[in-house]
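What follows draws every value from the coordinates through simple rules; no lab data is involved. Small disclaimer: the values here were computed from a predicted structure and weren't measured. Here the Cβ is made from the backbone with ideal geometry for all residues, glycine too, and neighbour counts use every protein chain on show.
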Amino acid sequence: MQVFDVTRGDSPIVLGQPHGGTFVPEDIARRFNTNGAGLADTDWHITRLYEGLLPEATVVKSNVHRYVIDANRDPEGVSLYPGQNTTTLVPLTDFDGQTLWLEGQTPSEDEIEARRLAYHAPYHAALKAELDRVRDKHGIAILFDCHSIRSNIPFLFEGELPIFNTGTNNGTTCAPAFEQAVHRIAATSGLSSVLNGRFKGGWTTRHYGQPETGIHAIQMEISQRAYMQETPPWAYDDTRARAARVHLQLMLETLSEHALSGRYL
């Protein structure tokens with residue numbers, strides 16, 4: 001299994017998809033308990049949700065499941081949300097706080113480092129290479145990091161999550177014009193939305209989003225009720241997805257137009 005896939009485009013936009021993969025090496029899969037084997041915290045169908053919305057965008061997607069190693073966590077293991085429940089570089093629990101591993105099968109520090117080198121580092125090397133390539137071509141690159149999550153997870157947040165959760169680490173990872181454009185589209189979509197709420201942007205967004213270098217980053221966390229069934233077998237819902245895709249397409253097209261025209265300066 002290829003660790004990641006890259007589809008190159010000519011747009012200033014790069015779509016990052018770190019959590020849509022479901023590949024688990026057999027030797028790791030044998031160590032999951034029943035809960036872990038369910039892979040419930042996948043960003044199900046995220047590639048399908050974004051497919052074709054901006055055909056000229058570059059896509060970098062990880063094929064490895066986040067329970068093997070989380071490609072959107074700090075490789076040094078530093079928490080993104082100090083004081084709040086979250087999952088780690090190699091998760092020990094799922095989003096509900098329930099263990100993933102059979103007794104005695106929790107990954108060691110040496111194993112975590114081996115997985116980082118095998119799966120986390122190659123994905124980010126590919127993502128960085130594409131961001132650099134796009135920036136060299138256009139003078140600017142915008143990483144739109146694509147995520148989705150179940151709408152109700154008491155272990156992580158109270159109540160029901162809005163549909164569109166835009167994260168820019170409180171405005172630090174992109175030019176204000178990009179943040180405002182995306183949030184404006186979300187806020188006028190007729191669907192619920194929030195800017196820098198519970199999800200302010202993961203490690204990927206914070207790491208690459210350095211506007212002074214010409215690389216901007218935005219995380220979009222979408223509640224899964226917007227496009228799929230939130231219980232097994234996690235079926236894609238074309239009718240729901242069609243409505244969400246209209247607004248996502250407008251976001252991507254607007255970002256691309258702003259970047260190419262210099263309207264973010």
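Yes or no: residue 177 part of a helix (DSSP H, G or I) and buried (at least 20 other Cβ atoms within 10 Å of the Cβ)? Walk me through it before giving the result.
On the way: part of a helix (DSSP H, G or I): yes; buried (at least 20 other Cβ atoms within 10 Å of the Cβ): no.
No, not satisfied.
Counting only residues that are more than 17 Å from residue 254 (Cβ to Cβ), without any contact (Cβ under 8 Å) to a residue 24 or more places away in the chain and of a type in the set (A, V, I, L, M), how many does region 186-224 have?
0
For region 73-87, what are the residues that are surrounded by 16 or more Cβ atoms within 10 Å (Cβ to Cβ) and closer than 26 Å to residue 30 by Cβ?
Result: 73, 75, 87.
Considering 110, 96, which residue is surrounded by fewer than 18 Cβ atoms within 10 Å (Cβ to Cβ) and either touching a Gly at 6+ places or on another chain (Cβ under 7 Å) or assigned to a helix (DSSP H, G or I) (or both)?
Values: 96 fails: either touching a Gly at 6+ places or on another chain (Cβ under 7 Å) or assigned to a helix (DSSP H, G or I) (or both).
Only one candidate passes the filter, namely 110.
If only one of 156, 131 is part of a helix (DSSP H, G or I) and either touching a helix residue (DSSP H, G or I) at 6+ places or on another chain (Cβ under 8 Å) or touching a residue at least 24 places away in the same chain (Cβ under 8 Å) (or both), which one is it?
Working: 156 fails: part of a helix (DSSP H, G or I).
None of the other options fit; the residue is 131.
So, residue 193, is that one polar (S, T, N, Q) and either more than 18 Å from residue 53 (Cβ to Cβ) or touching a helix residue (DSSP H, G or I) at 6+ places or on another chain (Cβ under 7 Å) (or both) or not? Please lay out each step first, then the result.
Working: polar (S, T, N, Q): yes; either more than 18 Å from residue 53 (Cβ to Cβ) or touching a helix residue (DSSP H, G or I) at 6+ places or on another chain (Cβ under 7 Å) (or both): yes.
For residue 193, the condition - polar (S, T, N, Q) and either more than 18 Å from residue 53 (Cβ to Cβ) or touching a helix residue (DSSP H, G or I) at 6+ places or on another chain (Cβ under 7 Å) (or both) - is met.
Residues in region 223-232: is at least one more than 28 Å from residue 139 (Cα to Cα), part of a loop (DSSP other than H, G, I, E, B) and in contact with a helix residue (DSSP H, G or I) (Cβ under 8 Å, 6 or more places away or on another chain)?
Taking region 223-232 as the starting set, the residues that turn out to be more than 28 Å from residue 139 (Cα to Cα) are 223-232.
After this cut, where a residue has to be part of a loop (DSSP other than H, G, I, E, B) as well, the list is 227, 229-232.
With the extra rule that they be in contact with a helix residue (DSSP H, G or I) (Cβ under 8 Å, 6 or more places away or on another chain), the set shrinks to 227, 230.
Scanning region 223-232, I find at least one residue that is more than 28 Å from residue 139 (Cα to Cα), part of a loop (DSSP other than H, G, I, E, B) and in contact with a helix residue (DSSP H, G or I) (Cβ under 8 Å, 6 or more places away or on another chain), so the answer is yes.
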